[in-house]
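The block underneath contains the structure these notes are about, expressed in C-alpha cells.
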Amino acid sequence: MAQEREVTTTITATTTVTLPANPTPKTYAELNPRLKPTEFFGPIGGGILTFVTPIVAYGLFYGCNEVTGCSVPPKRNVLEWIGDWPSSAGALWDWKAAGVYLAWYLWTVLCWAILPGDWIEGTLLRDGTRKTYKMNGLWTFMLTLGIVAGTVSQPGGVAAFAWIYDHFVPLLSASLAMCTFQAVFVYVNSFFSGELLAHQGNSGNFFYDFWMGRPLNPTWPGFPNFDIKTFNEVRPGIIGWVILNVAFACAQYERLGRVTNSMWLVLIFQGWYSLDCLLAESSILQQMDITTDGFGFMLSFGDLTWLPFTYTLQARYLVFAPTDLSIAACAFIVALEVLGQYIFRSANNEKTDFRNGRNPKNLQYMETQRGTKLLTSGWWGRSRHPNYFGDWIMAWAWCLPTGFSSPIPYFYVIYFGILLAHRQIRDDEACKQKYGKDWETYCKKVPYKIIPYVY
Ligand code: NDP
C-alpha cells in the first residue's frame with residue numbers, strides 16, 4: 001500500500017491548501033470527461049430556457065404595470081405596449097440607465113476589492129486543489145444600505161430612488177447585457193484557459209453548455225482571486241434586489257405620501273432574507289451552484305437579472321396597486337413568515353453545524369462509504385429538503401401582502417415551487433452518484449422529499 005503523504009501548498013498570503021495524499025496526476029481530458037447532456041431536457045431544454053427566461057422577465061413587466069394593469073388575460077397587445085409607452089419605464093434601452101447599472105456592478109466589484117473579508121477555503125476539487133474565496137458580501141451590504149438610507153433621508157433622495165422605478169425596463173436590459181457578456185466571455189475563455197470544467201457543462205453541444213455553464217470556477221484574466229461565480233451569487237443581484245425594493249417604496253411614497261403596511265412587510269421580509277443569506281455567506285460554498293454547476297447563462301442570468309428583476313414584482317406591484325392590510329391579515333402573514341424562516345434557518349443550521357463537525361442537538365445520523373455522514377433525525381429526518389419547505393412557506397408570505405386582485409404577483413410562489421421541486425430532483429441525482437447504495441438506505445429512512453408527511 002502506498003505510503004500516505006500530505007502536500008501543503010501556499011496559495012495566498014493568508015491561506016494554505018492541503019492536497020490529498022499522493023495525488024494522481026491527471027490529464028486535462030481525464031479531469032474533464034465529455035458527459036451526455038441529461039439535465040433540463042438536454043440541448044433543446046437549455047436552448048429554449050436561454051431564450052424564454054429573458055422574455056418572461058420582460059413579460060412580467062409588460063403584463064403587469066401601472067399603465068396596462070395586471071389582468072389575466074392582458075387587456076392590450078404586448079407589442080403595442082412596447083411601441084406606445086408614455087415614459088422611459090417601458091423603453092427597452094436607455095444609455096443613462098445602462099450607465100447607472102454599470103456603475104452599480106462596478107461598485108460591488110470595488111467593495112469586493114477594498115472592504116475587509118476572510119478568505120475561506122471551498123470544497124476539494126477534482127484536480128486535488130481547493131479555491132479560496134473572499135467573504136465580504138455582508139460589509140458590501142451594510143455599507144450600501146447605509147449610503148441608501150443616508151440618500152433617501154436627504155431632500156430629493158426619495159425622487160432619486162423613484163427614478164429606478166421609472167427606468168425599470170432599461171435597467172433590466174442593462175443587467176441582461178451584462179449577464180450575457182459574462183456568460184459569453186467565460187464560455188469562450190474556457191476553451192483557451194485550460195481550467196476545470198463543470199461535468200454537466202462539457203457535453204460538446206453549444207446550447208446545452210452555454211446554458212449549464214462550461215467553466216466550474218471562472219475568473220477574469222489577470223485576476224485569479226476574483227471568482228466570478230461566487231461574486232455573482234451574492235452581490236450585485238441579492239443586494240440589488242433590496243435596493244430595487246427600496247426604490248419601489250420610494251415610488252409609492254411619491255404617489256401616496258406614505259408607505260403602506262403591505263409594502264413594509266415585503267421590504268422587511270425580503271430584506272431579512274438577503275441579510276440572512278449574507279450573514280451565512282460562506283455556506284454558499286457547500287451549495288450545488290458552487291460545488292457542481294458551471295458558470296453559464298443559467299447562473300449569470302439567474303443572479304444578475306432574474307433574481308433582482310422578478311423577485312421584486314410584489315413591491316413593484318404595490319406601487320401602482322397599494323394595499324392596506326388589516327391587523328389580522330398582517331398578523332397572519334407575519335406568522336407565516338416567522339414559521340417559514342424558523343424551518344428554513346433551523347434546518348440549514350442543523351446541516352451546517354453537522355458538516356462543520358458539531359452536533360449540539362445530538363441528532364442521529366448514519367455513516368456512509370463516502371466518509372461523510374447523513375443526518376437521520378431532526379429536520380433532516382422529517383424530509384430530505386426541509387430547508388426548501390421553509391423557503392416555500394416564506395414565498396407565500398412575500399406574495400400575500402399584494403392581496404387578491406391579480407394572480408400575477410403570485411408568480412414567485414409558483415415559479416419557486418417548481419424551481420425547488422426540480423432542484424430536489426437534481427440534488428437527489430447528485431446524491432445518488434455521491435453516496436450510491438447509502439443514499440437508497442437514507443431515502444428509505446427519510447421517504448419524504450420536501451414537505452414532511454405530504455411530498
Ligand atoms: P441544500 O442546502 O439542501 O444541500 C443539499 C446537500 O446537503 C446535499 O447535496 C448533501 O451534500 C447534503 N445533505 C443532504 N442530505 C443530508 C443529510 N441528511 N445530512 C447532512 N447533509 C445532507 O441544497 P441547496 O444548495 O439546493 O440549497 C441551499 C439553500 O438555498 C436552501 O435553503 C434553499 O432553500 C436556498 N435556495 C434559495 C433559492 C432562491 O432563489 N431563493 C434558490 C436555490 C436555493 P453533501 O452530503 O455532499 O454535504
Tell me which helices (runs of 4 or more DSSP H) are completely within the stretch 305-377 and hold 2 or more residues being in contact with a Leu (Cβ under 9 Å, 6 or more places away or on another chain) and among the aliphatic types (A, V, I, L, M), or say none if there are none.
313-320, 327-355
If a residue has to be in a loop (DSSP other than H, G, I, E, B) and within 14 Å of the ligand (Cβ to nearest atom) to count, how many in the stretch 229-286 make the cut?
1
Out of all the residues in the stretch 1-59, which are at pLDDT 50 or above and among the β-branched types (Val, Ile, Thr)?
24, 27, 38, 44, 48, 50, 52, 53, 55, 56
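Could you grab me the full set of residues in the stretch 202-217 that are open to solvent by less than 40 Å² (accessible area, probe 1.4 Å) and part of a helix (DSSP H, G or I)?
Within the stretch 202-217, the subset open to solvent by less than 40 Å² (accessible area, probe 1.4 Å) is 202-203, 208-217.
Scanning the stretch 202-217 gives 208, 209, 210, 211, 212.
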Take the stretch 406-427 and flag every residue that is open to solvent by 20 Å² or more (accessible area, probe 1.4 Å) and either within 9 Å of the ligand (Cβ to nearest atom) or of a type in the set (A, V, I, L, M) (or both).
408, 414, 418, 419, 421, 423, 425, 426, 427
Residues located in the stretch 350-364, provided they are within 7 Å of the ligand (Cβ to nearest atom) and open to solvent by 70 Å² or more (accessible area, probe 1.4 Å)
351, 355
Could you please give the count of residues in the stretch 74-116 that are open to solvent by less than 60 Å² (accessible area, probe 1.4 Å), at pLDDT below 85, assigned to a helix (DSSP H, G or I) and not hydrophobic (A, V, I, L, M, F, W, C)?
2
Tally up the residues in the stretch 330-348 that are without any contact (Cβ under 8 Å) to a residue 12 or more places away in the chain and under 20 Å from residue 428 (Cα atoms), please.
0
Scan the stretch 120-147 residue by residue and report those that are open to solvent by 70 Å² or more (accessible area, probe 1.4 Å) and of a type outside the set (D, E, K, R).
124, 139, 142, 143, 147
Can you find, within the stretch 307-325, the residue that is farthest from the chain's Cα centre (by Cα) among those that are away from the ligand (no atom under 16 Å from the Cβ) and hydrophobic (A, V, I, L, M, F, W, C)?
325
One residue is enough: does the stretch 318-325 have a residue meeting the conditions more than 30 Å from residue 433 (Cβ to Cβ), surrounded by 22 or more Cβ atoms within 10 Å (Cβ to Cβ) and in contact (Cβ under 8 Å) with a residue 60 or more places away in the chain?
yes
How many residues are without any contact (Cβ under 8 Å) to a residue 40 or more places away in the chain and within 7 Å of the ligand (Cβ to nearest atom) if we restrict to the stretch 374-387?
1
Looking only at the stretch 149-201, count every residue that is surrounded by 14 or more Cβ atoms within 10 Å (Cβ to Cβ), farther than 23 Å from residue 302 by Cα and in contact with a Gly (Cβ under 9 Å, 6 or more places away or on another chain) and tell me the total.
2
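The values are calculated or read from the model by the stated rules, or taken from the named source; none is laboratory data. Small disclaimer: the values here were computed from a predicted structure and weren't measured. No Cβ is skipped: glycine too gets one built from the backbone with ideal geometry, and neighbour counts run over all protein chains shown. Protein only, heavy atoms only, side chains kept; ligands, DNA and RNA dropped before computing areas. Shrake-Rupley method; radii C 1.70, N 1.55, O 1.52, S 1.80 Å.
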